[in-house]
Amino acid sequence: MQNPSEISPASGRLGVLLAGLGAVTTTFMAGVFAIRKGLAAPTGSLTQMGTVRLGKRTDGRSPVIKDFVPLASLDDMVFGGWDIFNDNCYEAARNAEVLNPDLLERVRPELEAITPWPAVFDQHYVKKLDGPNVKTGATKRDLADQVIEDIRRFKSEQNVDRLVLIWCGSTEIFMEESEVHSSLELFEKGLDDSDPSIPSSMIYAYAAIKEGIPYANAAPNLSADVPALEQLAQETGSPLAGKDLKTGQTLMKTMIAPGLKARLLGVEGWYSTNILGNRDGEVLDDPESFKTKEESKKSVLDHILQPELYPTLYSDLHHVVRINYYPPRGDNKEGWDNIDLVGWLDYPMQLKINFLCRDSILAAPIVLDVALFLDLAQRAGMKGIQEWLSFYFKSPIHSRDLYPEHDLFIQLMKLKNTLRHLRGEELITHLGLEYYD
Ligand SMILES: NC(=O)c1ccc[n+]([C@@H]2O[C@H](COP(=O)([O-])OP(=O)(O)OC[C@H]3O[C@@H](n4cnc5c(N)ncnc54)[C@H](O)[C@@H]3O)[C@@H](O)[C@H]2O)c1
């Protein structure tokens with residue numbers, strides 16, 4: 001047994017702030033309200049349903065995670081957020097057409113009570129979107145200050161003890177790190193000068209981190225994944241997580257690819273295509289937003305298959321990712337993968353995956369877990385990049401000296417070992433020699 005970390009208790013209310021009150025956000029909130037009322041189970045949520053084995057396999061100790069580490073209770077969560085549309089969360093959930101109207105009626109009062117605050121928005125960064133509920137300000141610094149005012153007002157009106165902020169807004173155009181992102185000083189000057197390299201999501205991220213609030217990015221855009229904001233997080237004690245929730249096709253990819261590599265099966269080609277018809281799909285129909293998503297989806301295979309270590313098996317891999325906007329499908333995405341494999345003596349094989357998933361149904365429990373774990377991290381004194389939360393993301397943020405870990409099973413082991421470490425329990429290595437002594 002090591003020394004457990006000091007973790008302050010999860011007493012009082014946890015405010016969960018969401019930038020973007022669309023399909024993912026409203027499915028997450030409606031789910032929390034429904035679970036609180038006993039109308040549904042928290043399926044898909046590791047914090048609510050997962051267990052963690054402690055000690056030896058013969059010890060029989062596998063507590064539920066929420067009993068093992070002090071997490072905020074769902075009953076203590078309160079919600080607020082921003083959107084460019086004026087719809088309250090009930091109307092937004094109806095428009096998103098993810099959950100059936102019967103269920104939404106049963107949580108209607110709770111959802112209706114959440115109305116969006118005016119958003120920081122600039123169409124330059126999301127071409128396919130425009131809406132009326134938008135802040136005006138002389139500079140980007142002024143807009144960040146307005147977000148901070150919203151946060152403080154919510155905190156005092158709702159009598160909230162702690163907060164987390166998650167970007168669940170639309171995917172912004174592809175941007176690369178530039179000089180203004182390289183240090184906090186240059187970034188803050190950039191806010192004063194309204195530098196075009198600072199998109200809306202970064203303004204929310206700055207506001208949250210400046211306030212010392214944990215911040216996560218559910219989308220693939222850069223947002224807090226720049227040195228300036230990492231530096232600020234170190235100064236203010238904000239834990240950070242992101243980017244791009246690992247749902248749908250990429251979730252499957254990070255389950256299947258480690259298996260193929262484990263058995264040293266070659267992969268010549270991996271062709272992935274999707275149809276989806278929700279607003280996210282419409283935004284991704286713009287090539288500039290799609291490029292951000294494509295980069296996020298494509299990096300996964302290289303890091304899992306490691307062609308530099310296995311050139312014979314993976315160096316000629318053709319990896320193609322397509323997303324097609326197809327309105328009749330709404331949020332019910334359909335993905336097809338064709339994988340061209342190579343086995344013993346170069347004999348070819350094929351694997352076909354047809355995943356009929358529901359995007360926001362897969363995303364909602366991740367938002368819940370990330371909110372609860374970020375709050376835990378902060379109470380345990382952890383700040384900056386939380387690599388142990390890579391489990392939840394397609395493009396996990398990581399130290400600049402490392403490559404990211406994409407293998408879902410390594411990510412899960414890392415997450416559970418982090419929880420064991422926090423509680424002073426032995427880490428599990430799976431060596432297991434002691435059972436045969
Ligand atoms: N659904 C999934 O499984 C999944 C998986 C990974 C990532 N994501 C990402 O999560 C994000 C949300 O997905 P969604 O399906 O809820 O999309 P959505 O289009 O239903 O919701 C996004 C909401 O963000 C709002 N918005 C856009 N810019 C904003 C701004 N600057 N400030 C405040 N609000 C803003 C939009 O008006 C919209 O209501 C997207 O970027 C998506 O790519 C979703």
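Checking the table LYS189/LYS210; LYS246/LYS333; LYS56/LYS261; LYS127/LYS253 against a 20 Å threshold on Cα-Cα, which pairs fail?
Among LYS189/LYS210; LYS246/LYS333; LYS56/LYS261; LYS127/LYS253, the Cα-Cα distance tops 20 Å for LYS56/LYS261; LYS127/LYS253.
Give the shape of the stretch 284-350 as rounded, prolate or oblate, defined through the alpha-carbon gyration tensor: a ≥ b ≥ c are the square roots of its eigenvalues, a/c under 1.5 means rounded, and otherwise the shape is prolate if a/b is larger than b/c and oblate if not.
Verdict is oblate for the stretch 284-350.
How big is the stretch 181-251 on each of its three principal axes, counting only the C-alpha atoms and giving the largest first in Å?
Sorted largest first, the three principal extents are 40, 27, 17 Å.
Note down the net charge around GLU172, summing +1 for each Lys or Arg and -1 for each Asp or Glu among other residues with Cβ under 13 Å from its Cβ.
Charge balance near GLU172 sits at -3.
Assign one of three labels to the stretch 377-423, namely rounded, prolate or oblate, based on the Cα gyration tensor with a ≥ b ≥ c the square roots of its eigenvalues; rounded applies when a/c is under 1.5, prolate when it is not and a/b is larger than b/c, and oblate otherwise.
Oblate is the answer for the stretch 377-423, as a/c is 1.5 or above yet b/c matches or exceeds a/b.
Grab the alpha carbons of the stretch 145-211, take their convex hull, and tell me the volume per residue in Å³.
97 Å³
Two decimals is fine: what is log10 I(q)/I(0) at q = 0.06, 0.09, 0.14 Å⁻¹ for the chain, from a Debye sum with one equal scatterer on every Cα and no solvent?
Results for the chain at q = 0.06, 0.09, 0.14 Å⁻¹ read -0.25, -0.57, -1.41.
In nm², what is the average projected area of the convex hull enclosing the Cα atoms of the stretch 1-122?
Reported value for the Cα convex hull: 10.4 nm².
Take the alpha carbon atoms of the stretch 171-295, find their radius of gyration, then divide it by 2.2 N^0.38 Å using N residues; give the quotient.
Normalised Rg, Cα atoms only: 1.26.
Starting at 0 and stepping by 5 Å, how many percent of the alpha carbon pairs of the stretch 74-176 end up in each bin?
2, 10, 17, 22, 20, 15, 9, 4, 1
Just to check I understand the Karplus step: with θ = phi - 60° and J = 6.51 cos²θ - 1.76 cosθ + 1.60, what whole-Hz values come out for the stretch 160-173, glycine and proline as x?
Rounded to whole hertz, the list is 9, 8, 9, 9, 9, 10, 10, 7, 10, x, 5, 5, 7, 4.
With +1 assigned to the C-beta of every Lys and Arg and -1 to the C-beta of every Asp and Glu, and no other charges, what is the dipole magnitude of the chain about the Cα centre in debye, to the nearest 20?
That gives the chain a dipole magnitude of about 1300 debye.
Write down the percent of antiparallel bridges among all DSSP beta bridges whose residues are both part of the chain, to the nearest 5.
40 percent
Based on DSSP H runs of at least 4 residues, each adding -39500 (n - 2.57), what is the mean residue ellipticity at 222 nm of the chain after dividing by all its residues, to the nearest 500 deg cm²/dmol?
After summing the helix terms and dividing by the residues of the chain, the value is -11500 deg cm²/dmol.
When the convex hull of the Cα atoms of the stretch 275-392 is projected onto a plane and the area is averaged over all directions, what value comes out in nm²?
Computing the convex hull of the Cα atoms and averaging its projections yields 10.1 nm².
When a/c reaches 1.5 or more, the comparison of a/b and b/c decides; with that in mind, is the stretch 215-363 rounded, prolate or oblate per its Cα gyration tensor?
Note, shape of the stretch 215-363 comes out oblate.
Calculate the dipole size of the stretch 104-239 relative to its Cα centre from +1 charges on Lys and Arg beta carbons and -1 charges on Asp and Glu beta carbons; express the result in debye to the nearest 20.
Its charge dipole is roughly 480 debye.
Laboratory data are not the source of any read-out in this text; all were calculated from the coordinates shown. Owing to the predicted nature of the structure, the values given are computational and were not obtained by experimental measurement. Heads up, the Cβs are rebuilt from the backbone with ideal geometry, glycines too, and the neighbour counts pull from every protein chain shown.
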